[in-house]
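Asks: Below you will find the structure I want to go over with you.
None of the figures in this text is laboratory data; all of them are computed from the coordinates on show. None of these values were measured; they are calculated from a predicted model. Every residue, glycine as well, gets a Cβ built from its backbone with ideal geometry; the counts of neighbours run over all protein chains shown.
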Amino acid sequence: MKIRIKGNFIRYRLTQTEVKTLGEAGYLAEETRFGPAAEQTFVYAIASKSGIDGLQATFEGHKITLFIPADAAKNWFEEDRVGFKNDVQVAPGVTLGLLLEKDFACLDATQEDQSDNYPNPNAVC
């Protein structure tokens with residue numbers, strides 16, 4: 001699972017296995033450790049949630065959690081749908097953009113392991 005943050009925009013990208021796990025288990029998380037203490041750990045997660053109709057997010061402690069509607073999470077692996085997008089008003093005049101996508105293999109030479117990424121549709125002429 002990858003996360004990209006720029007200003008008030010958060011983008012998650014998931015591999016094939018992660019999309020499948022999200023649909024089956026309803027939860028995924030990764031962490032980045034900046035030191036030995038728990039408060040020096042940044043966690044980013046995604047969870048399925050009933051009763052919502054679009055992406056939502058929370059930030060509590062040292063953890064960002066992106067929520068996806070439960071039915072969408074369950075069915076996403078079998079669908080051709082690339083992702084989900086939602087803009088959430090988090091304060092008067094402040095919007096948080098949320099994007100959740102399947103992770104496609106890069107077309108350029110990269111050192112990153114992409115063996116579980118989705119085939120890039122732009123790779124075929």
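Asks: For His62, what is the net charge nearby, where nearby means another residue's Cβ is under 15 Å from its Cβ and Lys, Arg count +1, Asp, Glu -1?
Replies: -2
Asks: Can you work out D for the stretch 2-107 in µm² s⁻¹ from Stokes-Einstein, where Rh is the Kirkwood radius over C-alpha pairs, the temperature is 4 °C and the viscosity is 1.567 mPa s?
Replies: 90
Asks: Give the long-range amide H neighbours of Ala57: residues separated by 5 or more places, or on another chain, with amide H under 5 Å away, using H modelled in the peptide plane at 1.01 Å from N.
Replies: For Ala57, whose amide H was placed from the backbone, the distant partners under 5 Å are Phe67.
Asks: Which of the GluC sites (Glu not before Pro) across the stretch 1-103 are loop residues per DSSP, with 15 or fewer other Cβ within 10 Å?
Replies: Qualifying residues, ordered by number: Glu79.
Asks: Tell me, what ³J(HN,Hα) does each residue in the stretch 61-77 have, in order and in whole Hz, if you take phi through Karplus 6.51 cos²θ - 1.76 cosθ + 1.60 with θ = phi - 60° and put x for Gly and Pro?
Replies: After applying 6.51 cos²θ - 1.76 cosθ + 1.60, I find x, 10, 9, 9, 10, 9, 10, 10, x, 4, 5, 5, 5, 5, 9, 4, 4 Hz.
Asks: For Lys6, give me every one of the lysines with a C-alpha distance below 17 angstrom, ignoring sequence neighbours fewer than eight places off in its own chain.
Replies: Cα-Cα hits under 17 Å: Lys63, Lys85.
Asks: Taking the Cβ of Phe9 as the centre, find all other residues whose Cβ is under 15 Å away and add up their charges (Lys, Arg: +1; Asp, Glu: -1).
Replies: The answer is +4.
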